[in-house]
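Report on one structure; see the data block that follows.
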Amino acid sequence: MRYSMRQSLCFLPLLLALLWGQMSSPAASDTAAGQALAADLCAINPEEPVEMTGKVAIRQRNQPTREIPFLFKIIPGQPKWTSLYQTLAGDSNTPPRQLLIHRSPGSPNQYVLVTAAAGSHVFNQTNAAIAPTEIFAGSDFFIGDLGLEFLRWSDQKLLRKEMTMSRPCRVLESRPGPGDNSLGYSRVVSWIDNETGGILRAQAYDVSGKLLKEFELNSFKKVAGQYRLEEMEMRNVQTRSRTRLIFDLQP
């Protein structure tokens, strides 16, 4: 299946959850506009399945880069749909795992991590749900980052409109309320593409208000006349580590 520039920008994921569709118009209040934008993003339910392969490239400070092959899927459903991240045969210290993120409009995300037995690719489907602060495959991503957990926080504010990566964007500030899964962040600022609704950049701040992580879509590649997402990156500016998700793009 081929994907256009519009569809590729929606991967955030983040790949990260295939965001597309029409967004609602900003309300008069910055807070109301922010809440409406976040609600629209959370309500998106993809109609078509997606399957992509690639590698997770993890570089910790003063350490060589470690690469883990992975498979990404979007599994449509009504009302619940699922995104799947499965690590494949990598180094001996990383057994194959499946991360399942179940999403349903108006309900909290459900995160399930399934680990294969040693030397096996058979997954135990009885594994229990896990917290969104679990780390994905030893990378710089919390599983809650992949699930865009910050869009479900109670405090959402539209800060401004500006250009980033040569694209017109809306800048959304998300702050966790007392009952939210904060992921250890005090706020997240994200740049949301006007046309696609995809998140092009995001910055996460720690509880002291200092910049902790930066997310960015790094590169696109033209395949069969259409631009597709090739690489995205999460950087931990405090530990100086970074993780890149690099997708296999076939001509």
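Couple of notes before you dig in:
- Sorting 221-232, 198-209 by their mean Cβ neighbour count within 10 Å, with the most densely packed peptide first, gives 198-209, 221-232.
- Prolate/oblate/rounded call for the stretch 146-251, Cα gyration tensor, a/c under 1.5 rounded: prolate
- Straight-line cross-link partners of LYS221 among the lysines, defined as a Cα under 27 Å from its Cα and at least 8 positions apart when in the same chain: LYS55, LYS73, LYS161, LYS213.
- The stretch 191-237: C-alpha gyration tensor shape, a/c 1.5 cut-off, then a/b vs b/c: oblate
FYI, it's all coordinate maths here, none of it is from the lab. None of these values were measured; they are calculated from a predicted model. Glycine also receives a Cβ, built like all others from the backbone with ideal geometry; neighbour counts cover every protein chain displayed.
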